[in-house]
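Reading through the structure tokens given below for one structure.
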Amino acid sequence: MPSAFYPHQSNPLSQYPQAWERASKVKLLVLDVDGVLTNGQVLIGADGKESLKAFDIQDGLGIKLLEQCGIPTAIITGRNSPMVLARCNELGIKHVHMGIENKAIALEQVLNALSLKHADCAVMGDDWPDLKMMKKAGLTACPAQGHEAVKNSVHFVTNRMGGYSAVRELCDLILKAQNRYEELLNQARH
């Protein structure tokens, strides 16, 4: 299991030549939950219901930093979870779609609500149910442990696994490509 104390490393962009340019145009981040914001494990309690979800704190800060730069985040997930809703409320994520079978339709709804185009969004998913919503996105990404079919179809694969700062790695890429990273880092230092 990865340690939360490993220093953050960005993927070498030479591996993903389209990622930088595409990240520079992102106006919306769209995330799946299980396997992206979490490690993908579903913990079932004695009552037969999902009992816990663990979220990475660095992912949360990355989402908040994007929001500071005017880039909102949307959640589109196949499962219904009060833990996801609580985390989204905590992070100020307003576009939350849970229990979604066809994620591409939910993405259309979010894009319409924000008057954005597919080319304006970055989508991070990890498995087959995410492929349709990733199909037309301007930037697509997958955590390191994502399914091979997804990893083979995206613009960027993170070094980090879902639930272990993979989302932060994507957020940092977007911030760097849009020349906002150093400014925000300097603000954090002073």
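The values are calculated or read from the model by the stated rules, or taken from the named source; none is laboratory data. What you are looking at is a predicted structure, and each value in this text was computed from that prediction instead of being measured. Here the Cβ positions follow ideal geometry from the backbone for every residue, glycine too, while neighbour counts run over all protein chains shown. These accessible areas exclude ligands, DNA and RNA; they are computed on the full protein's heavy atoms, side chains included. Shrake-Rupley method; radii C 1.70, N 1.55, O 1.52, S 1.80 Å.
Give me the residue from segment 148-167 that is more than 21 Å from GLU21 (Cβ to Cβ) and without any contact (Cβ under 8 Å) to a residue 24 or more places away in the chain and, out of that set, most open to solvent (accessible area, probe 1.4 Å).
Top of the filtered list is GLU148.
For the structure I just gave you, tell me whether GLN187 is touching a residue at least 24 places away in the same chain (Cβ under 8 Å), farther than 29 Å from LYS53 by Cα and open to solvent by 10 Å² or more (accessible area, probe 1.4 Å).
Considered against the rule, which asks whether it is touching a residue at least 24 places away in the same chain (Cβ under 8 Å), farther than 29 Å from LYS53 by Cα and open to solvent by 10 Å² or more (accessible area, probe 1.4 Å), GLN187 comes out as no.
Considering each residue of segment 66-75, count those that are part of a helix (DSSP H, G or I) and within 11 Å of LEU29 (Cβ to Cβ), and give that number.
2
Scan LEU170, LEU131, LEU85, LEU91 and give me the residue that is out of contact with any helix residue (DSSP H, G or I) (no Cβ under 7 Å at 6 or more places or on another chain), open to solvent by 10 Å² or more (accessible area, probe 1.4 Å) and modelled with pLDDT of 95 or more.
Only one candidate passes the filter, namely LEU85.
Can you pull out the strands (runs of 3 or more DSSP E) entirely within segment 76-190 that have at least 2 residues that are in contact with an Asp or Glu (Cβ under 8 Å, 6 or more places away or on another chain)?
121-124
Residues of segment 46-65 being assigned to a loop (DSSP other than H, G, I, E, B), surrounded by fewer than 17 Cβ atoms within 10 Å (Cβ to Cβ) and not basic (Lys, Arg), which ones?
Matches in segment 46-65: ALA46, ASP47, GLY48, ALA54.
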